[in-house]
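As structure tokens, the structure follows; a few thoughts come after it.
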Amino acid sequence: MKMKIAVLTGGGDCPGLNGAIKWVTKSALDPRIAANRSVSFDVVGIADGWRGLVEVDPADKKSCDRYIKYLDEEVVRTWDRYGGTNLGTSRTNPFNPKNDRSEKLLNNIKKLGIDAIVAIGGEDTLGVAYKLHELGIKTVGIPKTIDGDLAGTEYSLGFDTAVNIIMEEIDRLRTTAGSHGRIFVVETMGRHAGWLALRGGECSGAYIILIPEYPFDMDKVCELLRERKGREINYSIIVVAEGAKPQGRQEFLKNNHIDDFGHVSVGGIAGYVAGEIEKKTGLESRHITLSHLQRGGTPSAHDRIMARWFGIAAVDMIVKEDFGRMVTLEKGEIGTAPLAGVINKLKLVDVGKYYDTDRYNGRRIIF
Ligand code: F6P
């Protein structure tokens, strides 16, 4: 039996996506493994995530050339070294009730002769994969999000590279912060989850870390800064998650845009925190938003190896007909979990377990 696998990437890009595409392709086409399988594969990449699969016109060669990429071992040979996604991505939701294009999507899948889909993405992309599975399409998921908030898995592609970038940028900021004796407020991504800020702040030795899961008191932040002034060093680094909020207030919004999945664009909190510090304490403060730098560049060693394992596991799932599920990392081992369990649910920071609400930082007690 021969099956056509379509692989696509959806949502925000990040390092590790290309590695996952490479390893889906390599393990599907590996001649040694293929010799022992009852099924063989063709692999195609879909450009621009679900948008590509909705917009492609299967009857038009030009359109197919634009959206359907034939993948083999030679094409993907070097992909794991590069960040971003060579297939392109989008935040298209074919099931958006305001613009439902799911029928077109289903027709295209049929007309293109696609037998199974590997969707690499976060909650939104995998949510579409789940809906397709419910409609009888064979789908498997690979978890990806730098936010680290996908339920059902301990790891999602992109997180480790993003944390490393936060750490490197903070290392750079320290020399200038120290030279001028300034407070630096560093805004990380993460949307409604504080994982990037918490882990990025912890590995950088940030003095204060503010996360969405624990609304902060601006007076308390100032008190912590005053307490430190003149004691150890003459500057401080504060890491603030873009979704963090002062007590009694809503998340700060970058603009009024709402995406196809209903998400608002959070951000801008670092400027507020730096401004309030100057106002309340007189300490000279600067702020910086790391923004999309956190998703840029080449994948870390961890993201390369996870991309490899996740890609291989996704093909194993297709061989075993384990559909409607995603690859996971659980207690350090690769496993699988139902896609149903990752939608409409975020894995947020457990404040009691990981956050010190007195110091506004990572907990200093492990056991
Ligand atoms: O979900 C990933 C993420 O990078 C969030 O941390 C961030 O809020 C959002 O995407 C940014 O989205 P965009 O790429 O559309 O600017």
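The values are calculated or read from the model by the stated rules, or taken from the named source; none is laboratory data. Everything numeric in this text was worked out from a predicted model, so none of it was measured. FYI the Cβ positions are ideal-geometry reconstructions off the backbone, even for glycines, and counts take in every protein chain you see. Just the protein is used for accessible areas: all its heavy atoms, side chains included, with ligands, DNA and RNA removed. Shrake-Rupley method; radii C 1.70, N 1.55, O 1.52, S 1.80 Å.
Some observations on this one:
- The fraction of Cα-Cα pairs per 20 angstrom bin, counted from 0 for the chain, comes to 29, 50, 19, 1 percent, rounded to whole percents.
- Extending 7 Å from Cα along the Cβ direction at HIS263 and again at ILE366 yields two label points whose distance is 3.2 nm.
- LYS280 versus ASP57: modelled label distance in nm, points set 7 Å from Cα along the beta carbon direction: 5.9 nm
- Solvent-free Debye scattering, log10 I(q)/I(0), computed from the Cα coordinates of segment 161-296 at q = 0.11, 0.13, 0.14, 0.15 Å⁻¹: -0.36, -0.50, -0.58, -0.67
- Fraction of accessible area attributable to carbon and sulfur, segment 69-127 (%, probe 1.4 Å): 45 percent
- Accessible area of segment 161-296 belonging to carbon and sulfur atoms, whole % at 1.4 Å probe: 48 percent
- Put simply, when 209-222, 114-127, 247-260 are sorted by average Cβ atoms within 10 angstrom per residue, most first, you get 114-127, 209-222, 247-260.
- Entry comment: accessible area of segment 161-296 is 43 Å² per residue, from protein heavy atoms only and a probe of 1.4 Å.
- The LYS220 and ALA301 beta-carbon pair, evaluated with R₀ = 30 Å, returns a calculated FRET efficiency of approximately 0.20.
- Pairwise label distance in nanometres, ALA151 with ASN96, each label 7 Å out on the Cα-Cβ vector: 2.4 nm
- Protection proxy ranking of 14-25, 52-63, 83-94, by the mean of other Cβ atoms within 10 Å over each peptide's residues and highest first, is 14-25, 83-94, 52-63.
- Per residue of the chain, the DSSP helices (runs of n ≥ 4 H) give a summed -39500 (n - 2.57) that works out to -11000 deg cm²/dmol at 222 nm.
- Student exercise, the chain dipole from Lys, Arg, Asp, Glu Cβ charges, in Debye to nearest 20: 240 debye
- The share of Cα pairs per 5 Å bin across segment 1-158, counted from zero up to the longest distance, runs 2, 10, 19, 23, 21, 16, 8, 2, 0, 0 percent.
- Percent antiparallel among DSSP beta bridges (both partners in the chain, rounded to 5): 30 percent
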